[in-house]
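First up is the structure itself, then whatever we jot down about it.
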Amino acid sequence: NLNQLKLRVVFYNLQVAHKYKCLPVQLKDEKFFSILNHVIKETTINPKKIELEITESFIATDSKNALEILNKIRQKGIALAVDDFGTGYSSMSYLKKLPINRLKIDKSFVDELPVCQESVAIAKAIVSLAKTFGLQITAEGVETKEQLDFLINEECDEIQGYYYSKPITLEEIKLFQK
């Protein structure tokens, strides 16, 4: 909603990465682009500083419509990330057509790193796929030094998870930055 997006802009102005998870219902809403345009205009944020996270299932359920919506978002200069990658049903042939900038490895694959060989193989494959397509890669749900070391060794671009911090409030972010 509009207030959540405004709050994320506040975070961005505090030098925190500005990312917003979009639900399929939001992306399909006919008001989505007018709200997005309004927030960009009202906050004067540069659209190139915004990254919208979409789920793989959004792409898989209505790929033609999803591609149109995603192309329209990218035309605004907004970056796109596929959240929870590897848990949905998108095909590799379709992936290469998507106007995305980033893949996010789902926490379910990160949880068992580096001890479970299947999770190791999946994480390596996703990182390799992202690099082949020229995409950035984020690992979600990193909680241990062993997971972090493995992902750094695999050249994962960005790490998210409790290893660095549990979720914190806006006030805590402000205190942290002082």
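The values are calculated or read from the model by the stated rules, or taken from the named source; none is laboratory data. Keep in mind it's a predicted model, so treat the numbers as computed, not measured. All Cβ positions, even for glycine, are placed from backbone atoms using ideal geometry, and neighbour counts span all protein chains on display. What goes into the accessible areas is simple: the full protein's heavy atoms, side chains included, and nothing from ligands, DNA or RNA. Shrake-Rupley method; radii C 1.70, N 1.55, O 1.52, S 1.80 Å.
Got a number for residues in the stretch 92-116 being under 22 Å from residue 156 (Cα atoms) and touching a Ser or Thr at 6+ places or on another chain (Cβ under 9 Å)?
Of the residues in the stretch 92-116, the ones under 22 Å from residue 156 (Cα atoms) are 92, 95-96, 98-116.
The next check asks that each one be touching a Ser or Thr at 6+ places or on another chain (Cβ under 9 Å); those that pass are 98, 102-106, 108-113.
Result for the stretch 92-116: 12.
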Next item on the list: Could you list, in sequence order, all residues of the stretch 1-45 that are at pLDDT below 85 and polar (S, T, N, Q)?
Entry: 1, 3, 4, 13, 15, 43, 44
Notebook entry, point to check: Looking at residue 166, is it among the basic types (Lys, Arg), in a loop (DSSP other than H, G, I, E, B), open to solvent by 50 Å² or more (accessible area, probe 1.4 Å) and at pLDDT below 95?
Noted result: yes
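Kindly indicate whether residue 149 is in contact with a helix residue (DSSP H, G or I) (Cβ under 9 Å, 6 or more places away or on another chain) and open to solvent by 40 Å² or more (accessible area, probe 1.4 Å). Talk me through it step by step, then tell me what you get.
Numbers: in contact with a helix residue (DSSP H, G or I) (Cβ under 9 Å, 6 or more places away or on another chain): no; open to solvent by 40 Å² or more (accessible area, probe 1.4 Å): yes.
When the stated conditions are applied, residue 149 does not pass them.
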Check: Where residues in the stretch 96-122 are open to solvent by less than 20 Å² (accessible area, probe 1.4 Å) and part of a strand (DSSP E or B), which of them is nearest to residue 67 (Cα to Cα)?
Finding: 103
Margin query: Quick test of your reading of the structure: residue 156 fulfils all but one of (1) surrounded by 15 or more Cβ atoms within 10 Å (Cβ to Cβ); (2) closer than 18 Å to residue 81 by Cα; (3) without any contact (Cβ under 8 Å) to a residue 12 or more places away in the chain. Name the failing condition by number.
Written below: (3)
Notebook entry, point to check: What residue, of 141, 134, is more than 20 Å from residue 79 (Cα to Cα) and within 16 Å of the chain's Cα centre (by Cα)?
Noted result: 141
Next item on the list: Report, by residue number, each residue of the stretch 41-63 that is in a helix (DSSP H, G or I), under 14 Å from residue 74 (Cβ atoms) and open to solvent by 10 Å² or more (accessible area, probe 1.4 Å).
Entry: 47, 48
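Looking at 126, 137, which is the one that is in a strand (DSSP E or B), open to solvent by less than 20 Å² (accessible area, probe 1.4 Å) and among the hydrophobic types (A, V, I, L, M, F, W, C)?
137 is the lone residue from the list that is in a strand (DSSP E or B), open to solvent by less than 20 Å² (accessible area, probe 1.4 Å) and among the hydrophobic types (A, V, I, L, M, F, W, C).
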Notebook entry, point to check: Taking the stretch 51-95 as the region of interest, how many residues are out of contact with any strand residue (DSSP E or B) (no Cβ under 7 Å at 6 or more places or on another chain), farther than 19 Å from residue 130 by Cα and of a type in the set (A, V, I, L, M)?
Noted result: 2
